[in-house]
1. In nm, to one decimal, how far is the Asp60 label point from the Met149 one, both placed 7 Å along Cα→Cβ?
2. Under a 5 Å amide H to amide H cut-off, with H placed in plane at 1.01 Å, what residues pair with Gly144 once short-range neighbours are removed?
3. In Å, what is the Rg of the alpha-carbon atoms in the chain, and how long is Dmax?
4. When ranked by the protection proxy of mean other Cβ atoms within 10 Å per residue, highest first, what sequence do the peptides 37-48, 84-95 form?
5. Please report the spacing between the Cα centers of the stretch 131-157 and the stretch 81-97 in Å, no decimals.
6. log10 I(q)/I(0), Debye, Cα-only the stretch 146-254, no solvent, q = 0.14, 0.18 Å⁻¹?
7. Quick one: check the C-alpha center-to-center distance for the stretch 181-238 versus the stretch 1-71, whole angstrom.
8. Given labels modelled 7 Å from the Cα in the Cβ direction, how far is it in nm from Gln89 to Leu195?
Amino acid sequence: MTKADVLLEAKELVRSFGGVTAVDSVSFSVAEGELRGLIGPNGAGKSTLFHLISGHLYPDKGNLIFHGHRIERKPPATRAKMGISITFQAVHLFNGMTVLENAMVGGHAWTRHEWVEASFRLPRHRREERVIKERAIWALESVGLDRFMDLPAESLPLGRQRALQIARAICSMPKLLLLDEPAAGLRGDERRDLLALLERLHKEGLTMILVEHDVGFVTHIAEKITVLDRGRVIAEGTPEEIRHDPLVISAYLGTTTSDEAVGIR
Ligand SMILES: Nc1ncnc2c1ncn2[C@@H]1O[C@H](COP(=O)(O)OP(=O)(O)OP(=O)(O)O)[C@@H](O)[C@H]1O
Ligand SMILES: [Mg+2]
């Protein structure tokens with residue numbers, strides 16, 4: 001990839017918790033429009049790396065460059081405005097709010113109105129609310145949830161709650177979407193729907209990084225995969241290269257069989 005194609009670059013990121021170095025000198029680049037897989041055993045540092053990118057954690061050392069700008073010390077709201085959106089590993093929805101209202105939360109990442117205007121409901125605020133609502137409906141349609149729009153978010157089954165998180169994230173019109181185990185706990189048909197959705201977003205040009213325990217799922221859809229183990233990048237390559245990498249196979253031994261772990265089924 002040429003320098004111009006790079007959307008995100010991590011340079012020697014380090015983040016420790018007490019004695020545990022969760023992310024240990026991680027460097028990698030993601031190209032504009034790429035769908036990157038990020039895999040690794042439990043505790044490898046995948047979610048920590050995501051939180052470093054989204055701004056929910058700051059690194060002890062290292063740099064993050066997004067669209068040519070240094071972002072490693074910028075707060076999450078600033079990064080969201082710049083176009084970085086995350087769906088968390090644990091489902092985070094606002095109970096007591098409808099499906100539509102939950103999706104609309106994503107749209108607020110990019111509005112310009114000040115809280116003063118919002119509290120007095122001045123015209124620009126009302127106009128922006130309308131735009132956000134339209135975007136949210138579009139996002140819900142994209143994930144097949146528009147017919148559930150008026151239901152309380154907590155009444156949805158898990159698969160749909162995960163889809164709603166994605167709707168909320170795409171309502172913010174991200175340039176980079178971080179998906180932390182979006183297929184966890186989904187049934188076969190829900191998994192297929194999710195796969196189709198990610199394939200569509202990929203075709204539309206959205207850059208994504210996908211963390212997933214189901215390695216078969218990642219190898220099916222990602223162009224390139226980065227493998228973390230104990231905080232370090234131990235391999236990077238096409239699904240085919242990763243599948244045959246001895247370091248990857250041994251990192252997964254003990255959690256499951258190597259063939260299952262690297263998606264050979
Ligand atoms: N807030 C925290 N405080 C202390 N230790 C943490 C914290 N977050 C993560 N860790 C530790 O950092 C390491 C990496 O955790 P992380 O959650 O990033 O791994 P992961 O690859 O996402 O794992 P999983 O596949 O189970 O989701 C683990 O040893 C974990 O216990
Ligand atoms: Mg995790």
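Since every read-out is calculated from the coordinates, none of them should be taken as a lab result. Please read all numbers here as calculations on a predicted model, not as lab measurements. Positions of Cβ are backbone-derived with ideal geometry, glycine not excepted, and every protein chain shown enters the neighbour counts.
1. Reported label-point gap for Asp60 and Met149 is 4.9 nm.
2. Result for Gly144 returns nothing.
3. 18.8, 62
4. 37-48, 84-95
5. First find each Cα centre; the distance between them is then 14 Å.
6. Calculated log10 I(q)/I(0) at the listed q: -0.64, -0.97.
7. What the calculation gives is 16 Å, centre to centre.
8. Taking the two extended label points, one gets 2.4 nm.
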